[in-house]
Each structure stands twice: as C-alpha cells, then as structure tokens.
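Taking it in order: structure first as structure tokens, then the write-up.
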Amino acid sequence: MKDVHNYDRDPDGSLYDPRVRAAMAGFAGGDLADPLTLLTFEAGAAVRTAYHSVERMRAHGSQGRGVSAGALDLLLRLNGSDQGISIGDLARAAGVSSRNVTGLMDTLENDGLALRVPDPGDRRSVLARITPAGRAWIEAFREPSRLAMRAMFQGFSAEELVVFRDLCLRLAANQHQLADRLSHLSQNGDQP
C-alpha cells in the first residue's frame, strides 16, 4: 500500500497530520486538557515520519548503486578515517550491533569497497578500512546525494536548517540522558 500523506494546517499555519493527531489523542487517553502532552506525541510521530522520509531517500539512492543504506552509512564513516575503524567502534557510532556491522562489512568486502586489516595497536583485533574503489564509489555518489538532500529540504532557509538540526540533536541528547538515568535506576534495582 502506498503511503498517502494528507497534511492539514493549524490556525498558525503549522503543518500537522490529522490521522496522527487523532491516533495520538486516543493514545494520550483522549484527555486534551494538557495540550503539551498531545504536542509531544505529535512531535515524536513527526520526527519518525521525517526520519523514514530521509531513510527512504537514502535507500533509494544507494540501492540503485548496489549498496544498502546500512552499508552506505559504514562506507561514509570509513571514508573519514585513513587508519581504519574497529568493528566495535563502527557499531557504536552507527548505533547497531557488532554482528550487524560484520555482515555489512562482509558485503562491502565482497564488493571491493572496504577491507579488514590487522590493527597495528592490537594484534588480536582488526580494523575496517575503505578501499580506493570505495572512495571512488563515494565520489560518484556525492553529487546525486547533494541534489537529493537539497530537494528534501527545499523551501527551508539556512536559519530554519540550523534550528531543525539543533532541535533534532537536543531530542537525541534528551533521549541519551533519559536512557542513562533509566539504566542507572535499573542497575540499582529502583523503579523508573
């Protein structure tokens, strides 16, 4: 089924999704006495919608070139390192498991875009490193990516992009702090 987005506007002109608003109002218990609660649920749903839109664009662009969105993420990270990056560090940076990174590295190695090399600082460890073919792949992908991102953010001013970036990163920072607090509570046997 194709996703159809029919957005409406609030009286101030801000976009909202009426289907999400109705669903979130029901989820929030139907009690709209606290409009901030409904707004937080709607904002969370909007972040998810925006994330999926960006990921669909990335996946469309990278798969047409034979690389999954996950492998593309690793390739971009490897492109920024001349020495290579450990599988564990790649997993932490990408927010996925080491097993996931290992599978993606297998694919990148099979395609000749990356390789594993011994870690000169730890003979028990290996580093992932981009190959010259991987750098050429990134270079060929650069301009189509630039055009796609400009199209995705069409109509946004530079100031709006700065605010958007800040808001997204503040949301991520809040999530990390909350996760740390919850982890600390659970380690101490306390209830959140």
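The figures follow:
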| quantity | calculated |
| --- | --- |
| Count - residues of the range 129-145 that are touching a residue at least 24 places away in the same chain (Cβ under 8 Å) and either in a helix (DSSP H, G or I) or over 12 Å from residue 80 (Cα atoms) (or both) | 8 |
| Unmet requirement for residue 143, which otherwise passes all of (1) under 22 Å from residue 172 (Cβ atoms); (2) exposed (fewer than 14 other Cβ atoms within 10 Å of the Cβ) | (1) |
| Members of the range 16-56 that are open to solvent by less than 80 Å² (accessible area, probe 1.4 Å), under 24 Å from the mean Cα position of the chain (by Cα), modelled with pLDDT under 85 and among the charged types (D, E, K, R) | 55 |
| Residues of the range 165-192 that turn out to be under 27 Å from residue 54 (Cα atoms) and open to solvent by 80 Å² or more (accessible area, probe 1.4 Å), as a count | 10 |
| Among the residues listed as 39, 115, 104, the single one being under 30 Å from residue 21 (Cβ atoms) and not polar (S, T, N, Q) | 39 |
| Failed criterion for residue 149 (all others in (1) surrounded by fewer than 16 Cβ atoms within 10 Å (Cβ to Cβ); (2) at pLDDT 90 or above hold) | (2) |
| Every residue from the range 136-164 that is farther than 14 Å from residue 50 by Cβ and of a type in the set (D, E, K, R) | 139, 142, 143, 146, 150, 159 |
| The range 70-107, residues that are open to solvent by less than 60 Å² (accessible area, probe 1.4 Å), closer than 16 Å to residue 139 by Cα and part of a helix (DSSP H, G or I) | 71, 72, 73, 74, 75, 78, 79 |
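The values are calculated or read from the model by the stated rules, or taken from the named source; none is laboratory data. What you are looking at is a predicted structure, and each value in this text was computed from that prediction instead of being measured. Note that each Cβ is placed from the backbone with ideal geometry, even for glycine, and that neighbours are counted across all protein chains shown. Side chains included, ligands, DNA and RNA excluded: accessible areas come from the protein's heavy atoms. Shrake-Rupley method; radii C 1.70, N 1.55, O 1.52, S 1.80 Å.
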